[in-house]
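Reading through the C-alpha cells given below for one structure.
The values are calculated or read from the model by the stated rules, or taken from the named source; none is laboratory data. Since the model is a prediction, treat every value here as computed from it, not as a measurement. Please note: Cβ atoms are built from the backbone with ideal geometry, for glycine as well, and neighbour counts cover all protein chains shown. We work out accessible area using only protein heavy atoms, side chains counted, and drop any ligands, DNA or RNA first. Shrake-Rupley method; radii C 1.70, N 1.55, O 1.52, S 1.80 Å.
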Amino acid sequence: QSVRDALSLTGVSVKPIDLEATYRLGLESNVIVKFKSRKKRNEVFSNRKVLASKSKELLALNFNKNLYINHSLCRENQHLFYQSRMLKKAKIIYDTWFNNNSVNIKHHQHSNAIKVYHAADIEFLLKIDDLERYLESLKE
C-alpha cells in the first residue's frame, strides 16, 4: 500500500492491478517494483521528477529518505549510461537519457536523438578511438 501511495505522488493513479510484484532488497530500504504494463511504468517514469517537491508527503508515508525511481539495467547498459552521463557532465554531448531499453544521446541542442547500443556508437559519433581512455583523460 505505501509503495502505491508513494508512486501516486507522481500524479499517476497506481492500483494493485497495475503492479505485478514488489519486494525489498535485503535489509536496505530499496524496493523493486515490477509493473504489469509498460504504459503504466512509463507514466510513472515520465512524472518522477514531481517527487522532488513531495518530501513532506513522503515522510507522512514513512519514507525517511528521498524516493528515487530508476530503471533496472543490465551491467552493459549501466556502464554505457554511466559513460554517456560523464560525457554530458564534461559538456561533450548535450543530453543523455535511457528509454525503451536503449541509451539515447543528443550531440548538440538542436540535433536529433541517437540510440546508442555500444561504446563504439559513441566513439563513431564523437570521432574518438577509445571511449574508456577518452573518459580517463577528462578526469585528469
Go through (1) closer than 14 Å to Leu7 by Cα; (2) open to solvent by less than 40 Å² (accessible area, probe 1.4 Å); (3) part of a loop (DSSP other than H, G, I, E, B) one by one and return the number of the condition Ile128 breaks. (1)
Of residues in region 48-106 being over 18 Å from Ala120 (Cα atoms), among the hydroxyl-bearing types (Ser, Thr, Tyr) and at pLDDT below 90, the one surrounded by the most Cβ atoms within 10 Å (Cβ to Cβ): Ser55
Within region 1-47, the residues that are open to solvent by 70 Å² or more (accessible area, probe 1.4 Å), of a type in the set (Asp, Glu) and farther than 20 Å from Ala60 by Cα are Glu20
Please enumerate the residues belonging to region 1-21 that are of a type outside the set (Lys, Arg) and without any contact (Cβ under 8 Å) to a residue 12 or more places away in the chain. Gln1, Ser8, Ser13
Thr96 fails exactly one of (1) outside any helix (DSSP H, G or I); (2) more than 18 Å from Gln78 (Cβ to Cβ), namely (2)
When only residues in region 108-125 that are part of a loop (DSSP other than H, G, I, E, B) and not small (Gly, Ala, Ser) count, which is nearest to the chain's Cα centre (by Cα)? Tyr117
